[in-house]
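Below: one structure, written as structure tokens.
Each value in this text was obtained by applying a stated rule to the coordinates, not by laboratory testing. In this text, all values refer to a predicted model and were calculated from it rather than measured experimentally. All Cβ positions, glycine included, derive from the backbone under ideal geometry; neighbour counts span all protein chains shown.
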Amino acid sequence: MQSFFAELQRRHVYKVGAMYAVAGWLLVQVVTQVLPVFDVSPLAQRIIVLVIVACFPVALVLSWLFDITPQGIVRTSAQASSATADAPAAPPAGRERLLNYVLGAMLLLAGAYLVAERIWLRPAANAAAAAVASKSVADKSIAVLPFENLSDDKANAYFAEGIQDEILTKLARIGALRVISRSSTLQFAARPGNLAEVARQLGVAHVLEGSVQKIGDAVHINVQLIRAATDDHLWAETYDRKLDNVFGVEAEVAQAIAQALQAHITGGEAQTVAAKPTENAAAYNAYLRGLGAERQAMNGATSEGLALSIAAYSEAVQLDPAFALAWARLSIIKSYGYFNLFNHTPKQLDEARQAADTASRLNPEMGEAYLAQGYYHYWGLRDFDGGLALFNQALQRLPNNADVLAAIAYIERRQGKWQESTDHLEQATRIDPLNISMLMGLATNYDSLRQFPQALAVYDRALVAVPDNANVIAAKAGVLQDAGDFDGAAALLAKLPDTNDNPGVFQAKLQHLIRGRQYDQAIAMIKGYRSKAADPRQDPVQMSNDFYLGFLMIWTGKPQEAQAPCKEALDSLNAIRATGADDARLGSSYAAVYVCLGDKAKALHAATQAVKLNANDALERANADSILAITQAWTGDLDAAFAALPRLLQEPGGLDQSELRMSPLWDPLRKDPRFTAFAASK
């Protein structure tokens, strides 16, 4: 064995192997770094790398068999014949030194390349790759405009909307594409006059137009893909199907568009795109009705829209119990109602869980199944860590889904990860640039971080899309008020009509009057409010009106008249709590009402409990902290209130300087000499 290793050394096998390894590594680096610049295909690059690796054992064999001598390349055994049987012949010293020099030079070259690659080449390559990727994504960006409903029965509009929505959803599963969400494309007509302008507003290179005509059990679908800048028609197709065979159209369209845009589809993506949601025509029809009702429910947060959506999805899963996508949507809408509409019954939450579990069992890898589970954990259980993990799983399967990114962002800000939340919302609004709800969520982040110019800029983006949207105008006025521009806020609010139809506008105007200490006008506004809720006691606006009316009576020197409205507010809170809502969301309101009623002990207990219950929720905790300090001020513990002010003025979503200076809720602190320093600080 010793003789064998000595022979390996004499035949330069070690040195040849080392030189080949270094040279091969350098060559692989050149192949992977340089050839892509010349658009050499990835297959050709892989073949070159495989050849380099495969030739390594060949080089070792050749170094054993042959040697380079002054007489040329000869078999090593011929040179070895003059050696003694006990010891292999030593190579000439000159050739040995030459090999050492070559090996040393190659090692120096490899080291120099490694240093250069880390300092200069890698950053440049990354920048170039990012530029190429950005251009590639831009070239493969697409918006699916609303499909025109050509049916004689205009009640079939939901069917055209559903077909468009499903095509968009299929496209959004392809990671190589950038697909604009439906809420942004809804701003435009089915066949807009200026496609280039539409594409500019949506930030896309391509637009898909279509029409749907449903006559009895026959469906006629026409689609065409257009390059917006040149108005070139890249692809078009017409589909004539029976209702019971319409399910595969969306997949066919998505695959054809990906091919037309030369977008790479992975094996997993191809499988999910091709999958049919159901084979039951009636179930699919009910599902499409559910989608339409769901959009209305979530836009207006109305119990009527919620009920219509739940009924349609429930019908879909009854007709086809294996309809995983309908189970997922059913779970999401139930979780939404549980969280947003105070429908906090154990039955509602359990139904949301069962629907999510059914979707996961039927299709474990479906992105919507992870989305449903995520919302159940987030909205239902307030399990932020679990919800975030599930949403991240959903994002891997739904790479173009702005709702998933927004859900991640909304959890992150509750976890106190404000910058990550803001980044994800910025990313979501690039996919869904005209989604007013997401833009307002992003602006809220900036407002909570006291980055008022950025918040105002986001609201201006929204107002470009919806110039007369009262909610956006009212929210922008709120930011101006937080920033200390009281006159600017007043000018914006003056543009909005005095009406009870919009709770957001009503409360923005009321807050402005209270901060401006226009108490008589605020009282008149509250007394003119008429709740539209079936049970006014469960109307959060009515409850806050009663609470503020009580304080307004105190501020106008009529403390006895404060008792009646504050008792009404207490009745409203008890009615909402009876639905199953917990004190994590209601505790601060209870504290304020008890302050109004003069019950100091209950007020402090409720405020303290609210802070404890929201300890893991940065968004709610900021409000709870402020209410606790206000409660302490009104119950006479000024030292505790002043001790909290430095933190409240720094905490995201906490107290703003403008509120501290102007809101009468902080009046108990104003006569204390310490207040001036806090009110003047920045």
Spatially proximal aspartates and glutamates relative to Lys671 (Cα-Cα < 15 Å; intrachain offsets below 8 disregarded):
Asp637, Asp639
Under 5 Å between amide hydrogens, which residues at least 5 positions from Val144 or on another chain qualify, with H placed 1.01 Å from N in the peptide plane?
Ile180, Leu208
Taking a ≥ b ≥ c as the square roots of the Cα gyration tensor eigenvalues, with a/c under 1.5 meaning rounded and otherwise prolate when a/b beats b/c, else oblate, which class fits the stretch 462-520?
oblate
The residues Lys347, Lys154, sorted from fewest to most surrounding Cβ atoms within 10 Å, come out as Lys154, Lys347
dims of the stretch 141-276, Cα set, principal axes, largest to smallest, nearest Å -> 37, 37, 24
Quote the relative contact order of the stretch 378-503 in percent (integer), defining contacts as alpha-carbon pairs under 8 Å separated by 6+ residues.
14 percent
Surrounding charge for Met662, neighbours by C-beta under 13 angstrom, Lys/Arg +1, Asp/Glu -1, total -2
Starting with the fewest neighbours, write out Met366, Met298 ranked by other beta-carbon atoms found within 10 Å of each beta-carbon.
Met298, Met366
Please say if the stretch 509-624 is rounded, prolate or oblate, where rounded means a/c under 1.5 for a ≥ b ≥ c the square roots of the C-alpha gyration tensor eigenvalues, and otherwise the choice is prolate for a/b larger than b/c and oblate otherwise?
prolate
What FRET efficiency do you get for Gln271 and Lys600 if R0 is 56 Å and r is their Cβ-Cβ distance, rounded to the nearest 0.05?
0.30
Going from the fewest other Cβ atoms within 10 Å to the most, one would list Leu208, Leu449 as Leu449, Leu208
How would you classify the stretch 564-642 from its alpha-carbon gyration tensor, with a ≥ b ≥ c the square roots of the eigenvalues: rounded for a/c under 1.5, else prolate if a/b is greater than b/c, otherwise oblate?
oblate
Describe numerically, in nm with one decimal, the distance between label points set 7 Å from Cα along Cα→Cβ at Lys15 and at Thr238.
7.8 nm
Just to confirm a number: summing +1 for Lys and Arg and -1 for Asp and Glu over residues other than Tyr594 whose beta-carbon lies under 15 angstrom from that of Tyr594, what do you get?
-2
At 0.692 mPa s and 37 °C, plugging the Kirkwood radius over alpha-carbon pairs of the stretch 199-311 into Stokes-Einstein gives what diffusion coefficient in µm²/s?
200 µm²/s
Subtracting the Cα-Cα distance of Ala322 and Arg361 from 0.36 nm times their residue separation yields 13.1 nm
